[in-house]
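Down below is the structure, laid out as C-alpha cells.
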Amino acid sequence: KCIYVLNGPNLNLLGTRQPEVYGHETLADVQQRLLERAAQLGFEIEFFQSNSEGDIIDKIHEARSRADGIIINPAAYSHTSVAILDALNTFEQPVIEVHISNIHRRESFRHHSFVSARAEGVIAGLGTKGYLLALEHFVDAGQ
Ligand code: DQA
C-alpha cells in the first residue's frame, strides 16, 4: 500500500517558522517519523512538499494511478485553492486533511478550507502527530 503525503507552501520552513504555532520539529523529522512507522506497517510513503500550487496539483495527478490514499496539508492553499480541491476530486481513493495548528481557533480567514469538502477526515491542532494519526487511520481502514 502506498500513501502520498503532500505538504503545501512554507512547510519547508517547519521548525524555524513560527515555532510557537507550529512547533520545533522540521519537515524532515516528520518525514522520518512517518517513514519509520510506515515501514513497521508495511506501507510505502511518498513524501512531497512544494511552495507551488501547480506542482501540488501535478503530484495529485500522479497519485491517481499510484496511491491508495492521500494525506495532505495544503497549508495556506487550503483557504484559497479550488484547483487543489478539483484535483483531489479526480483522485478516487480516500483523502485525509491535516493541519498542524488548530485553524478554527486562529484568524477567521483560516476557518474555511476548500479541501475539507473532499476529505474523509480532518485532523487539526494536534501538531505534527496529526500526520501519524492519519497514517494509522489508513491502516485501520484497511487502505
Ligand atoms: C496550516 C494552517 C494554515 O492556515 C497555514 O496557512 C499553514 C499551515 C497548519 O498546518 O496548521 O501554512 O495548514
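The values are calculated or read from the model by the stated rules, or taken from the named source; none is laboratory data. Only a predicted model underlies this, so the values are computations on that prediction, with no experimental measurement involved. FYI the Cβ positions are ideal-geometry reconstructions off the backbone, even for glycines, and counts take in every protein chain you see.
If I ask for residues that are assigned to a loop (DSSP other than H, G, I, E, B) and in contact with a strand residue (DSSP E or B) (Cβ under 9 Å, 6 or more places away or on another chain), which ones from segment 50-70 would you list?
The answer is S50, A67, D68.
So, V98, is that one without any contact (Cβ under 8 Å) to a residue 40 or more places away in the chain and more than 16 Å from the ligand (Cβ to nearest atom) or not?
no
How many residues are closer than 14 Å to G127 by Cα and assigned to a helix (DSSP H, G or I) when one looks only at segment 10-30?
Qualifying residue count, segment 10-30: 8.
So which residues in segment 85-123 are of a type in the set (A, V, I, L, M, F, W, C) and not in a helix (DSSP H, G or I)?
Result: F91, V95, I96, V98, I100, A119, V122, I123.
Determine whether A76 is away from the ligand (no atom under 16 Å from the Cβ), of a type in the set (G, A, S) and at pLDDT 95 or above.
When the stated conditions are applied, A76 does not pass them.
Residues in segment 86-113 that are farther than 28 Å from Q40 by Cβ and either surrounded by 19 or more Cβ atoms within 10 Å (Cβ to Cβ) or within 13 Å of the chain's Cα centre (by Cα) (or both): how many?
3
Given the conditions (1) in contact with a strand residue (DSSP E or B) (Cβ under 6 Å, 6 or more places away or on another chain); (2) assigned to a helix (DSSP H, G or I), report the number of the one that F47 does not fulfil.
Going through the list (1) in contact with a strand residue (DSSP E or B) (Cβ under 6 Å, 6 or more places away or on another chain); (2) assigned to a helix (DSSP H, G or I), F47 breaks only (2).
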